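Colleague: Pasting a structure below so you can have a look.
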């Protein structure tokens with residue numbers, strides 16, 4: 001029997017990661033008090049490294065990282081269309097999605113390197 005990270009049901013594990021990514025974007029918006037891509041490097045770096053840390057803590061596999069990233073895209077789309085009423089949302093989703101995707105990938109890669117370093121001594125196949 002294969003163990004799931006959060007539950008025995010695969011869809012709940014995906015839903016948890018989607019909701020985590022969405023909650024991160026909402027929290028980032030509330031923390032900054034403005035859209036995180038508006039101006040300056042500080043909000044962008046906060047979002048990038050914040051999501052990298054979140055991926056480091058939650059993404060057990062590349063699939064988990066994908067669902068975390070898709071939750072951020074979902075939340076960004078909803079916020080741009082409903083809350084911010086922006087008309088440039090496709091461009092923002094592409095650039096924001098690329099930045100967030102790189103952050104998730106960085107966090108997942110660091111987690112894999114740590115896992116490899118710890119389990120590599122035990123003979124884990126690479």
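The values are calculated or read from the model by the stated rules, or taken from the named source; none is laboratory data. All values reported here derive from a predicted model rather than from experimental measurement. Here the Cβ positions follow ideal geometry from the backbone for every residue, glycine too, while neighbour counts run over all protein chains shown.
Colleague: Please go through (1) in contact (Cβ under 8 Å) with a residue 24 or more places away in the chain; (2) farther than 16 Å from residue 28 by Cα for residue 98 and return the number of the only condition it doesn't satisfy.
Modeller: The number of the failed condition is (1).
Colleague: Give segment 29-51 a look and list any residue that's closer than 29 Å to residue 115 by Cβ and buried (at least 21 other Cβ atoms within 10 Å of the Cβ), or say none.
Modeller: Once the filter is applied, which keeps residues that are closer than 29 Å to residue 115 by Cβ and buried (at least 21 other Cβ atoms within 10 Å of the Cβ), segment 29-51 yields 47, 51.
Colleague: Testing residue 89 on (1) touching a helix residue (DSSP H, G or I) at 6+ places or on another chain (Cβ under 9 Å); (2) over 18 Å from residue 24 (Cβ atoms); (3) at pLDDT 90 or above, one condition comes back false. Which one is that?
Modeller: (3)
Colleague: Here's another thing I want to ask about it. Among all residue pairs at least 6 apart or on different chains, which show Cβ distances below 8 Å where the first residue, located in segment 1-23, is modelled with pLDDT under 60 and the second is surrounded by 12 or more Cβ atoms within 10 Å (Cβ to Cβ) and not in a helix (DSSP H, G or I)?
Modeller: Sorted first by the residue in segment 1-23, then by its partner, the pairs are 5/60.
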